[in-house]
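Data block below; observations after.
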Amino acid sequence: MALTLVGISHKTAPVELREKLSFGEEEIKKALQELRQFPSEEEAVLLSTCNRTELYIHSHDAEHSARTVKFLKERFGEPGLDSHLYFKEGESMVRHLFSVASGLDSLVQGEQEIQKQVKDAYSSAQAFNLTSKLFNVLFQRALYVGKLVRTHTGIAHGALSVGSVAVSLAEKIFGDLSRSSVLLFGAGEMAEICARHLISKKVRNLMVANRTLENAQTLAQDFKGEALSLEAGLERVHSADIVITSVASERPILTDSAMKEAMRRRGNRSLFVIDIAVPRNVETSVHSLDNLYLYNIDDLEAIAAENLRSRGGEIEKARAIANLKATEFWDWAKSLQDGGERSFKHSLA
């Protein structure tokens, strides 16, 4: 039994590298289809979020690690990836997955979104028949441990998501947001979190722009904002004080030339742009424009660290639970290899 993880995350690589290994929804399907063609991979799960891309493999082939690395390198498309990758095997891989599902390995420790992202990654692998008994129990157990940690510790008390940290950054920049106009690109879960926190700060005006106008209308209606098509949103950038982007796109939607025009139209008044998308939605050269201040997801780490310091004891409690449950799972997994069929008990003890 060989369990292996190969990954890259916010701990090992900046966003400009992570985005090259990021998989969108359709790309995940293509990747899983490709993994199905690998002759010896018994099970595989691909997890890709704004902060990490990880490939979990169960195989009896001694060469499976090398093949997995080659798969990721081909996706990366250029040299220099090796120093940013990490590898976990056996019980170490299980501990890492349980830590990830519990929010302990996130940029914002204790965040809730990662649990759904792990669940979605597992469900996608299931749909391609890339999981069987071992990974079914492993990932179901990881999701159970994530809930267990949040129930029995205070890790989620006061925990911030990436979206809420973005709003906190805007508040640090502007102070009182009640006089600010905000343009939000995207209408997914991250955009909804941003909108919820923005409304709690009583922003003067909230605009939501999205490729699918109906989704923008749904989100805007919930928060009494204005819905725009993506094209209309691009035309309204000049009217916003704060722009937050979270659109799934392989290419930037806010280009250098478009932002130059937006700054001209707003009389060169200060504009703050927070790009929490991976791949990034805003061309990095935009940062050089006078009075335009661009932040990406890695810039949120300092605010996240402040939040972490207030919950240090709960983090340690959560880590102890996750590690204990990883050891329990590993003991069970080894019993399978030895021919045992004992049941897996969901105990807190």
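Qualifying trypsin sites (Lys or Arg not before Pro) in the range 254-305, where qualification requires a DSSP coil assignment and no more than 14 other C-beta atoms within 10 Å, comprise Arg269. Computed extension gain for Arg251 through Lys133, at 0.36 nm per residue and net of the alpha carbon distance, reaches 38.6 nm. In order along the range 186-201, phi translates into HN-Hα couplings of x, 9, x, 4, 5, 5, 5, 5, 4, 4, 4, 6, 5, 5, 5, 8 Hz, rounded to whole numbers, per the Karplus curve 6.51 cos²θ - 1.76 cosθ + 1.60 with θ = phi - 60° and x for Gly and Pro.
Here the contact order of the chain, divided by its residue count and restricted to Cα pairs under 8 Å and six or more residues apart, works out to 18 percent. Loop-resident GluC sites (Glu not before Pro) (DSSP state other than H, G, I, E or B) in the range 222-276 with no more than 11 further Cβ atoms inside 10 Å of their Cβ: Glu250. When shorter helices are ignored and each DSSP H run of at least 4 residues is given -39500 (n - 2.57), the per-residue value for the chain at 222 nm works out to -14500 deg cm²/dmol.
Any idea what the alpha-carbon Rg over 2.2 N^0.38 Å comes to for the range 162-303? Relative to the 2.2 N^0.38 Å estimate, the range 162-303 comes out at 0.92.
Partner aspartates and glutamates whose Cα lies under 16 Å from the Cα of Lys202, excluding those fewer than 8 positions away in the same chain, are identified as Glu171, Asp176, Glu192, Asp222, Glu226, Asp241.
Close amide H contacts of Glu226 (hydrogens built in the peptide plane, cut-off under 5 Å, sequence separation of 5 or more or a different chain): Leu206, Met207, Val208.
Which of Lys70/Lys116; Lys20/Lys116; Lys11/Lys119; Lys73/Lys133; Lys11/Lys201; Lys30/Lys70 have a Cα-Cα distance over 25 Å? In this structure, Lys70/Lys116; Lys73/Lys133; Lys11/Lys201 lie more than 25 Å apart at Cα. Straight-line cross-link partners of Lys147 among the aspartates and glutamates, defined as a Cα under 20 Å from its Cα and at least 8 positions apart when in the same chain: Asp105, Glu111, Glu113, Asp120, Glu189, Glu314, Glu316, Glu328. Spin-label model, Ala302/Gln126: points 7 Å from Cα along the beta carbon direction are separated by 4.3 nm. The amide H of Ile276, built 1.01 Å from its N in the peptide plane, has Thr245 as neighbours under 5 Å, considering only residues 5 or more places off or on other chains. Counting only aspartates and glutamates at least 8 places from Lys88 when in the same chain, those with an alpha carbon closer than 12 Å to its own are Glu54.
Semi-axis lengths, largest first, of the ellipsoid equivalent to the range 222-286 are 17, 17, 11 Å, with √(5λ) applied to each eigenvalue of the Cα gyration tensor.
Bear in mind that the values in this text are calculations on the coordinates, not laboratory data. Just so it is clear, the model here is predicted, and its values are computed rather than measured. Don't worry about glycine lacking a Cβ; one is built from the backbone with ideal geometry, like all the others, and counts go over all protein chains shown.
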